[in-house]
Amino acid sequence: MQIYISGSLAFDRIMTFPDKFSNHILPDKIHILNVCFLVDGLEEKFGGTGGNIAYCLSLLGEKPILLSQVGKDFASYDGWLHTHGINVEGIRTVEQEFTAGAYITTDKSDNQITGFNPGAMKYPSQYNMTSIDPADALGIISPGNLGDMMDHPRYYRDNKIPFIFDPGQQIPAFTGEQLAEAFDGAEILITNDYELEMIMNATKLTKDEIVDRVAYLITTLGEKGSVVNCKGEETHVSAVPVSAVVDPTGAGDAFRAGLLKGLSMEKTVAEAAKLGSVCAAYAVEHKGTQEHSFTLDEFTKRYEASFGPME
């Protein structure tokens, strides 16, 4: 089964400020704020929801196709994707823009100041969706270009291609009506518990009403695992124990990769979510969203230690 991933590709540029922001902000001058923080260097990491999901799927032996958009500075990330066998035919290059980027500065109290430049993400991917074989395809729409997040569900729905809708941090950018239309008919709507509340508030739909519009609703709960809801049924899937919580950033994307892998293997949604839990555990144990790795044998052993034999 060919997996198609609609979602962002971005550079995460991470800086550390060796003090507290509060020591350099004058409360009585906040109305004319003008500060400069001298940081201890800069780390550049590959990220974006689409890239993170694709990377984890490559570790699981899949060769997903990314439907995204990048800028003139993408060469290093492009090489990384090629190294991991990720199909880049669906990536549009917008030469006059930079690739989307997050500029994150963290102080000694773990406070963060982040600037995000959407760059090329402002443009649609323009992938030729008619090249997708409906009989052998599975799609996920994760946070990225807003037009893609509306158009791709319509195409999948009209052509009876199963898809996962994963609005994430883009939820506030949509009206309630747009959100309801985008996830209508999805095989799975996936959110964390806070995002689900945001969707319910925006759409004025109850949880049961949302479940009526999709085949499955998955709610991730961090260290408490996840809950799979379908009409009249609820299944709890436990989280996988981790050796250390180093960085939870990217764990949700890793969960989605494991979920997609399970669905491509024709497992039930609840069984596929177990693969998601294992994948998320690896991400939590490493700093960054594409820094973890594992072999398929290691993955299988970890799955079986938590859930029993993998059928």
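Okay, here's what the table says:
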quantity: Whole-Å semi-axes of the ellipsoid equivalent to the stretch 138-270 (Cα gyration tensor, √5λ, descending); calculated: 22, 17, 16
quantity: Calculated FRET value between E311 and T235, using beta carbons and R₀ = 22 Å, to 0.05; calculated: 0.85
quantity: Directionally averaged projected area (convex hull, Cα atoms, the stretch 1-92), nm²; calculated: 8.5
quantity: Angle between the chain longest axis and helix 269-284 axis [Cα atoms, degrees, rounded to 10]; calculated: 20
quantity: Chain lengthening between H82 and E177 when straightened (0.36 nm per residue, less Cα-Cα); calculated: 30.4 nm
quantity: FRET efficiency for Q96 and N201, using Cβ-Cβ distance with R0 set to 41 Å, rounded to 0.05; calculated: 0.65
quantity: Most mobile listed residue (A244, A100, A272) in the chain, GNM with C-alpha springs under 10 Å; calculated: A244
quantity: Gain upon complete extension [Y103, K160; 0.36 nm per residue less C-alpha separation]; calculated: 16.6 nm
quantity: DSSP bridge pairs, the stretch 58-167: antiparallel proportion in percent, nearest 5; calculated: 45
quantity: Restraint check, K63/K207; K122/K231; K45/K224; K231/K267; K63/K274; K108/K274, Cα-Cα greater than 25 Å; calculated: K63/K207; K122/K231; K45/K224; K108/K274
quantity: Whichever aspartates and glutamates have a C-alpha closer than 20 Å to that of K261, once near sequence neighbours (fewer than 8 apart) are set aside; calculated: E62, D133, D136, D166, E187, D253, E271, E291, D297, E298, E304, E311
quantity: Sites D110 and A215, calculated FRET efficiency, Cβ-Cβ separation with R0 45 Å, nearest 0.05; calculated: 0.70
quantity: Most fluctuating residue given options T219, T105, T295, as computed from a GNM of the chain linking Cα atoms under 10 Å; calculated: T295
quantity: Theoretical ellipticity at 222 nm over the chain - DSSP helices of four or more residues, -39500 (n - 2.57) apiece, nearest 500; calculated: -10000 deg cm²/dmol
quantity: Whole-Å distance, taken between Cα centres, linking the stretch 13-58 and the stretch 250-285; calculated: 29
quantity: Shape category assigned to the stretch 51-205 from the gyration tensor of Cα positions, a/c cut at 1.5; calculated: oblate
quantity: Listed residues L189, L221, L296, most fluctuating in the chain (Gaussian network, C-alpha, under 10 Å); calculated: L296
quantity: For the stretch 127-203, diffusion coefficient by Stokes-Einstein and Kirkwood Rh (Cα), 20 °C, 1.002 mPa s, µm²/s; calculated: 170
quantity: Segment K29-T295, length gained on full extension (0.36 nm per residue, minus Cα span); calculated: 90.4 nm
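Where a number appears in this text, it was derived from the coordinates with a stated rule and is not lab data. Just so you know, these numbers come straight off a predicted model, no measurement behind them. So basically every Cβ, Gly included, is an ideal-geometry build from the backbone, and we count neighbours across all protein chains shown.
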